[in-house]
Amino acid sequence: MSPIIQGLLTIVIGVGGCVGYFYASNLLLDKVIFPVQSKNPGKNINRANMVRPWLFLFPAMFALTLYLIYPVVGSFYRSLFNRSGDEFIAFGNYVSLGQDPGFRTAFLNNFMWMLVVPAASTFFGLLVAQLTDRLKWGNIAKSLIFMPMAISFVGASLIWRFMYANNPDIGLLNAIRFAMGATEALDVLQVQFWNNFFLMVILIWIQTGFAMVILSGALRGIPEETIEAAIIDGANPFQIFFKIKVPQIMGTIVVVWTTITILVLKVFDIVYTMTGGNFGTEILPSYMMSYMFRDDGRATAVAFVIMIIVLPVMVWNIRQARAEMK
């Protein structure tokens, strides 16, 4: 069957199923469970109105349980078994992770990514948002800076792979080195420790556009009266920016920061495409994938560790977003 026909059938069946569910469930509620034509119609109507919201919530709750809660519980349960899945070893996989130097390296690398990428992306996004608002061609500049967001992580990695190539005729980095007098090409992706930062540059390049768009909107939402009052009081541009504008959009900055942090904890494509996790660039998702097809218990244990790390950041992000909406 053609993919287009499959997609159309899926839409028709999905929409038709939802409409049929809501119609049938409301009909059952009003005609059978709490019939209006009864001795106490008012009481039945009130009861039906109390139950009706749950009818609308049920499909979403069912899908959430099936595709989110069940996999989390199932993954944790699977992580308590050995490699073949036939022996219960409790927290043995987690103990093994703590004793594995490769896991510690991946964990520390992930920690570095969490420190550097959100901070740099948010900083450059805020800087670009402020500077482009002062330019006549600022919208064009914003479009160019936002453009990497349209590129997949794999595509962006391939672009930067050429940038980092150890051939000075291809790699921009080595071309600059040779122009400055270097005589030997350098493969920066094999330089231990520093190669992690060269990988981070790729994600910073992508996420700066996201931070710029969100923070630009926040900056434009600052009341002009506060800025005019600061100018009258003799504040210079730096004081206006850091003491007037930044404090007023701090909630948005935190939301952008935590959103990028959550993304960082799930990054796999860049490391896998650029180095495959070699040369000391392993991070938790790539470490998990290295065990996925040979030790499912340890792989699910790593997945659960990632979820535990992401969870507090997600909760904080949701709270900040709700605070912004008030």
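The 1.4 Å probe gives accessible areas that order L135, L108, largest first, as L108, L135.
The modelled label-to-label distance for the pair A24/R104, using points 7 Å beyond Cα in the direction of Cβ, is 5.8 nm.
Using alpha carbon centroids, what distance separates the range 221-235 and the range 264-295, in Å? Each part reduced to its Cα centre gives a spacing of 48 Å.
The trypsin sites (Lys or Arg not before Pro) found in the range 1-82 that occupy coil by DSSP, while having at most 12 further C-beta atoms within 10 Å, are K39. Extension gain for S96-M163 works out to 20.3 nm (0.36 nm per residue, less the C-alpha to C-alpha distance). Shape call for the range 96-325 from the C-alpha gyration tensor, a ≥ b ≥ c root eigenvalues: rounded (a/c under 1.5), prolate (a/b greater than b/c) or oblate? In terms of gyration-tensor shape, oblate. Connecting C-alpha atoms closer than 10 Å in a GNM of the chain, tell me which of G102, G20, G92 has the biggest fluctuation. Comparing G102, G20, G92 in the GNM, the peak value goes to G20. With a cut-off of 12 Å between beta carbons, the residues surrounding L29 carry a summed charge of +2, where Lys and Arg count +1 and Asp and Glu -1. Maximal additional length on extending the K43-I232 stretch stands at 61.6 nm, based on 0.36 nm per residue less the C-alpha distance. For the range 197-268, a/c is not less than 1.5, where a ≥ b ≥ c are the root eigenvalues of the C-alpha gyration tensor, and a/b tops b/c. That puts it in the prolate class.
Does the range 3-78 come out rounded, prolate or oblate by the C-alpha gyration tensor, with a ≥ b ≥ c the root eigenvalues, rounded set by a/c under 1.5 and, if not, prolate when a/b is larger than b/c and oblate if not? Oblate is the answer for the range 3-78, as a/c is 1.5 or above yet b/c matches or exceeds a/b. Under the criterion of Cα pairs below 8 Å and six or more residues apart, the relative contact order for the chain equals 23 percent.
Taken about its Cα centre, the range 96-325 carries a charge dipole of roughly 220 debye when the Cβ of each Lys and Arg holds +1 and the Cβ of each Asp and Glu holds -1. Measuring from centroid to centroid over Cα atoms, what is the spacing of the range 142-214 and the range 36-111 in Å? So the two Cα centres are separated by 39 Å.
Estimated from the Cβ-Cβ distance and a Förster radius of 22 angstrom, the FRET efficiency linking F293 and Q192 is about 0.25. Specify the residue with the greatest mean-square fluctuation among Q239, Q207, Q192, computed from a Gaussian network of the chain linking alpha-carbon atoms under 10 Å apart. Looking only at Q239, Q207, Q192, the largest GNM fluctuation is found for Q239.
Have a look at V191, G251, S79 and report the one farthest towards the positive end of the charge dipole of the chain, computed about the Cα centre with Cβ charges (Lys/Arg +1, Asp/Glu -1). Towards the positive end, the residue furthest out is G251.
Per DSSP H run of n ≥ 4, the term is -39500 (n - 2.57); total these for the chain, divide by its residue number, and report the mean residue ellipticity at 222 nm rounded to 500 deg cm²/dmol. Helix-only estimate at 222 nm: -23000 deg cm²/dmol.
Loop sites by DSSP among the GluC sites (Glu not before Pro) of the chain, restricted to those with at most 16 other Cβ atoms within 10 angstrom, leave 185-326 as the longest stretch without any of them. Modelled this way, with points 7 Å down the Cα-to-C-beta line, the labels at A179 and V246 are 3.3 nm from one another. Taking 7 Å steps out from each Cα toward its Cβ at V315 and M147 produces label points 4.3 nm apart. Accessible surface computed residue by residue for the chain, with neighbouring protein chains in place and a 1.4 Å probe, gives 61 Å² per residue.
The values are calculated or read from the model by the stated rules, or taken from the named source; none is laboratory data. Treat the numbers as computed from the prediction; the structure is a model and nothing was measured. All Cβ positions, even for glycine, are placed from backbone atoms using ideal geometry, and neighbour counts span all protein chains on display. Ligands, DNA and RNA are stripped out before the accessible areas are found, and what is left, the full protein with its side chains, is counted by its heavy atoms. Shrake-Rupley method; radii C 1.70, N 1.55, O 1.52, S 1.80 Å.
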